[in-house]
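J.: Please find one structure pasted underneath; my questions will follow.
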Amino acid sequence: SEGNPQFHQQMVYAVSMKTIEHFERALGRPVLWRPKPNPRNPHDDKHFVRRLVVRPHAMEEANAYYSPQKVALQFGYFGAREGSGHIPGSPIYTCLSHDIVAHETTHAILDGLHRRFNEPSNLDVLALHEGFADIVALLQHFTIPALLSHQIARTRGDLEAESLLGELAVQFGRTSSGRSALRSAIGSVENGTWIRMRPDPGELARRVTPHARGAILVAAVFDALVAIYKTRIADLLRIYTGGTGVLPSGMIHPDLVGRLASEAAKASNHVLSMCIRALDYLPPVDVTFFDFLRALITADFEMVNDDRHNYRVAFVEAFGRRGIFPGDHDENTRDGAQSLSADTLRWPGFARKRASSDVVWRYADIVSQLKRYAEECLYIRDREQLFTDTRLRRESLHAELKKAFAASPAFQQSLGLEPGSFEVHALRSSMRTRIDGTAAPQVFVSLTQSRLVRSDDRSGLPRHRIRGGSTLVVDLTQTDLPKYRIVKDIRNKSRQRAAEQFIRHVEADPLRRLFFSTEREEPFAALHELADEGV
């Protein structure tokens, strides 16, 4: 009931909780919100936030956003424009859009997992935030049975055809701007005709704003979903069509609709879980779309050894068609990932033979500490206790690492760090179940470091920060060493040059400077993006 304010509260609560449920199931642990920011000390992260604040009627504005400062979702409302299909001036509430609620909730969850992903160090960082939030909203369309069956029947099982399944925030787009949707994942209407967006490897280089660039990531994931879905339904179509695979004209049988909808739901749930699990396998800073692809491939390999439906192959091909390749500054391509295949894209394991015995011993000591953390925290479900115990363990781990780095500079360098202060940025445990039914208990720890680069007279650049660090993945059932070590080396010269190029890009335009500022709030994003695109 759009006119019932109590229903508005029910709506945002239900969709937010459904989104959180998907994350907790895929991650294998409770979701924690970011600590309450301390204006006097940006490094203070001891203030536990038990609940995400949700304001269904936060402002009279055609917008909705997540506020990191308030750890809150802010939903606006506005009057419908003429010709939108609604009474002109009648209130439109963004809190009643399933897509918008899921999108903003995802922003909040991501901020709790990776606070550095709100700090733009390349064009992909903020775009990953926007694109991933759209991916979650889009794939949750396939969890609504009535909508899924209806659209499968209407499109005769073709996920690539024009349907509500591929569109985001339909009502918001129609009533505020006249577009058929706020954003579309697979196509758009041009001059009254539906046009499927075809992959263009060069498009990524032309898109620089977070929403426009994030849409390419959404399209790549949707392309992979379509390929996976087609593989899963191929036998059904052969049976239904007597081996031809070509559907006759007209409506398809309701029984086939049900089976196709079931396969679409399974495929989308698998893809959504794959994308969410990838978050644990990302480097802690300076993330790129290619990093996300590698994290996704690695995370899925850990859960499903035998990729008989070729899910990983579908992702590799879809990302390649969208031009998502390693950058020149990506130090992780040295391990052989310049060849795009599901095998070579998996993050490399810890190479014991390449490290000195001293470094190996120090890794083993850190792993033993992480195992003790897992024994204490793996089964804690109370969020405040988990937050407090984890923070205490981060402090003790920091003290131990500080001593280890002083004794072994080689150990510190292997983690992408240099002498100086550093932080144990994140520590997380996970208890998931592999497809074969075996338990997969894991611990993830992220170390980060920053260096302030001062401008000189020749470059004309302002002071800016270069960040580095690494994520260690420990499998509690297999080894006394890290399973994976995902590094962004702070000393990497090509990364430093890439950061300078990004700073020049931002500094070239005053609105761009404002948009990419870490102090920005979301209400101004649309204005900045229009200016950045030359409108």
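The values are calculated or read from the model by the stated rules, or taken from the named source; none is laboratory data. Fair warning: this is a prediction, and the values are worked out from it, not measured in the lab. A quick note on method: Cβ atoms are made from the backbone with ideal geometry, for glycine too, and the neighbour counts reach across all protein chains shown. Note: areas computed on protein heavy atoms with side chains; ligands, DNA, RNA excluded. Shrake-Rupley method; radii C 1.70, N 1.55, O 1.52, S 1.80 Å.
J.: Within the stretch 1-32, which residues are polar (S, T, N, Q), out of contact with any strand residue (DSSP E or B) (no Cβ under 7 Å at 6 or more places or on another chain) and either open to solvent by less than 10 Å² (accessible area, probe 1.4 Å) or part of a helix (DSSP H, G or I) (or both)?
T.: 6, 10, 19
J.: In the stretch 87-99, which residues are closer than 26 Å to residue 34 by Cβ and open to solvent by less than 30 Å² (accessible area, probe 1.4 Å)?
T.: 94, 95, 97, 99, listed by residue number.
J.: Taking only pairs six or more apart or across chains, which ones have beta-carbon atoms under 6 Å, a first residue in the stretch 339-363 that is under 21 Å from residue 445 (Cβ atoms), and a second residue that is outside any loop (DSSP other than H, G, I, E, B) and among the β-branched types (Val, Ile, Thr)?
T.: Filtered contacts from the stretch 339-363: 346/297; 346/298; 347/298; 347/486; 352/360.
J.: Suppose we filter the stretch 336-386 for residues that are among the hydroxyl-bearing types (Ser, Thr, Tyr), open to solvent by less than 70 Å² (accessible area, probe 1.4 Å) and either farther than 25 Å from residue 49 by Cβ or modelled with pLDDT under 85 (or both); how many remain?
T.: Residues meeting the conditions: 6.
J.: Can you work out which of the residues in the stretch 387-401 that are farther than 23 Å from residue 477 by Cβ and of a type in the set (S, T, N, Q) is least open to solvent (accessible area, probe 1.4 Å)?
T.: 396
J.: Determine, yes or no, whether residue 57 is assigned to a loop (DSSP other than H, G, I, E, B) and farther than 30 Å from residue 268 by Cα.
T.: no
J.: Looking for something small (Gly, Ala, Ser), touching a residue at least 12 places away in the same chain (Cβ under 8 Å) and buried (at least 17 other Cβ atoms within 10 Å of the Cβ) - is there at least one such residue anywhere in the stretch 196-203?
T.: no
J.: Please name all residue pairs, on different chains or six or more residues apart, with Cβ atoms under 6 Å, provided the first residue is in the stretch 103-119 and is more than 20 Å from residue 13 (Cβ to Cβ) and the second residue is β-branched (Val, Ile, Thr) and open to solvent by 20 Å² or more (accessible area, probe 1.4 Å).
T.: 119/518
J.: Another question, then. Taking residue 216 as the residue in question, decide whether it is open to solvent by less than 40 Å² (accessible area, probe 1.4 Å) and either in contact with a Lys or Arg (Cβ under 9 Å, 6 or more places away or on another chain) or not hydrophobic (A, V, I, L, M, F, W, C) (or both).
T.: In short, yes.
J.: Can you work out which of the residues in the stretch 100-122 that are touching a helix residue (DSSP H, G or I) at 6+ places or on another chain (Cβ under 7 Å), in a helix (DSSP H, G or I) and at pLDDT below 90 is least open to solvent (accessible area, probe 1.4 Å)?
T.: 117
J.: Could you tell me whether residue 53 is modelled with pLDDT of 95 or more, open to solvent by less than 30 Å² (accessible area, probe 1.4 Å), farther than 30 Å from residue 435 by Cβ and out of contact with any Ser or Thr (no Cβ under 8 Å at 6 or more places or on another chain)?
T.: In short, no.
J.: May I pose another question? Just a yes or no: is a residue in the stretch 141-155 farther than 30 Å from residue 90 by Cβ, crowded, with 23+ Cβ neighbours inside 10 Å and either within 25 Å of the chain's Cα centre (by Cα) or at pLDDT below 85 (or both)?
T.: Yes, some residue in the stretch 141-155 is farther than 30 Å from residue 90 by Cβ, crowded, with 23+ Cβ neighbours inside 10 Å and either within 25 Å of the chain's Cα centre (by Cα) or at pLDDT below 85 (or both).
Yes or no, residue by residue, for (1) within 23 Å of the chain's Cα centre (by Cα); (2) modelled with pLDDT under 65; (3) within 28 Å of residue 207 (Cβ to Cβ); (4) open to solvent by 40 Å² or more (accessible area, probe 1.4 Å):
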{"position": "468", "(1), (2), (3), (4)": "yes, no, yes, no"}
{"position": "481", "(1), (2), (3), (4)": "no, no, no, no"}
{"position": "495", "(1), (2), (3), (4)": "yes, no, yes, no"}
{"position": "508", "(1), (2), (3), (4)": "no, no, yes, yes"}
{"position": "526", "(1), (2), (3), (4)": "yes, yes, yes, yes"}
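J.: Go through the stretch 60-82 and give me each residue that's within 18 Å of residue 101 (Cβ to Cβ) and in a strand (DSSP E or B).
T.: 64, 65, 66, 67, 72, 73, 74, 75, 76, 77, 78
J.: Would you call residue 315 part of a helix (DSSP H, G or I), out of contact with any helix residue (DSSP H, G or I) (no Cβ under 6 Å at 6 or more places or on another chain) and at pLDDT 95 or above?
T.: Criteria not met by residue 315.
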